[in-house]
């Protein structure tokens, strides 16, 4: 949309506090899209103090006004019990309604329900249907949804839903990666590292790992860090590897925490600090990460206590 008279095209300064306030005002004026946007700000604490219950209330108001976007987001909250009591049946109902109205998030989430099913105890809230998951993912992948493109690629590469098509899977994975979706970039890099369905190239793997890391995706940050630490497809740089591992660990990624603990324990790229390594390994172990449990055991083994390498 072109600017009005007197507009110079200068970029507008971003300000989450002001954005949240304008969303709130529009929401209070009864604009459903603003209700959803303000709910997002409340959910993630952007420009306003986080408040999941308030977010759910605004989403419910938007749902009552027929907003498919609100149905999709509120469905997630009911499925996860965020801001509302957990109610999987209501979450499934809202997700299905959003998808029926053509909402991309609702369609994608309904695809996830079909792909994985939803079970709790002996109750089935949603049965698996891989073929339907493929159909739903494809519908919004064709519309350019980068997340659905990655989900579709994963199913095609693995042969889930009764259809295995490696060539098309790679096409969709690359489309998603080219749109900057971190998980797809990391997955594409891994394909180049494995070299099973594409010609092996550690340089190409490292390039995609770096792009994934720069997108903020924690697992991409770990894979890029490991490439740096091993000098695989890129010059070895332990200090830079540690920096990226700290970013992943800061997102509470158990893999990143464990690899960082190992680097610190060995004094690679940073000073050896067994107490810090122990703390990181414990955080990862509490997330049921097996390698972290092994490392923590070694750190706390009284018979063979670890020691920092001699300088």
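Quick notes on this one:
- Residues of the range 26-50 satisfying the condition of being without any contact (Cβ under 8 Å) to a residue 40 or more places away in the chain, touching a helix residue (DSSP H, G or I) at 6+ places or on another chain (Cβ under 6 Å) and closer than 20 Å to residue 61 by Cα: 26, 27, 32, 34, 35, 36, 37, 38, 39, 41, 42, 48
- Selected residue [surrounded by 23 or more Cβ atoms within 10 Å (Cβ to Cβ) and farther than 21 Å from residue 163 by Cβ] from 53, 120, 39, 89: 39
- Evaluation of residue 269 against the conditions (1) modelled with pLDDT of 95 or more; (2) on the phi < 0 side of the Ramachandran plot shows that the sole unmet condition is (2).
- Test: residue in the range 107-121 that is on the phi < 0 side of the Ramachandran plot, in a loop (DSSP other than H, G, I, E, B) and at pLDDT below 95: no
- Residue within the range 11-25 that is without any contact (Cβ under 8 Å) to a residue 24 or more places away in the chain and buried (at least 21 other Cβ atoms within 10 Å of the Cβ) present: yes
- Pairs with Cβ under 6 Å, 6+ apart, first in the range 73-85 and without any contact (Cβ under 8 Å) to a residue 24 or more places away in the chain, second assigned to a loop (DSSP other than H, G, I, E, B): 78/84; 78/87
- Per-region count, the range 182-217, residues surrounded by 21 or more Cβ atoms within 10 Å (Cβ to Cβ) and either in contact with a strand residue (DSSP E or B) (Cβ under 9 Å, 6 or more places away or on another chain) or more than 27 Å from residue 235 (Cβ to Cβ) (or both): 0
- Checklist (1) more than 28 Å from residue 40 (Cβ to Cβ); (2) under 21 Å from the mean Cα position of the chain (by Cα) applied to residue 106, failing item: (1)
The values are calculated or read from the model by the stated rules, or taken from the named source; none is laboratory data. Predicted model, so just to flag it, every value in this text is computed and none were measured. No Cβ is skipped: glycine too gets one built from the backbone with ideal geometry, and neighbour counts run over all protein chains shown.
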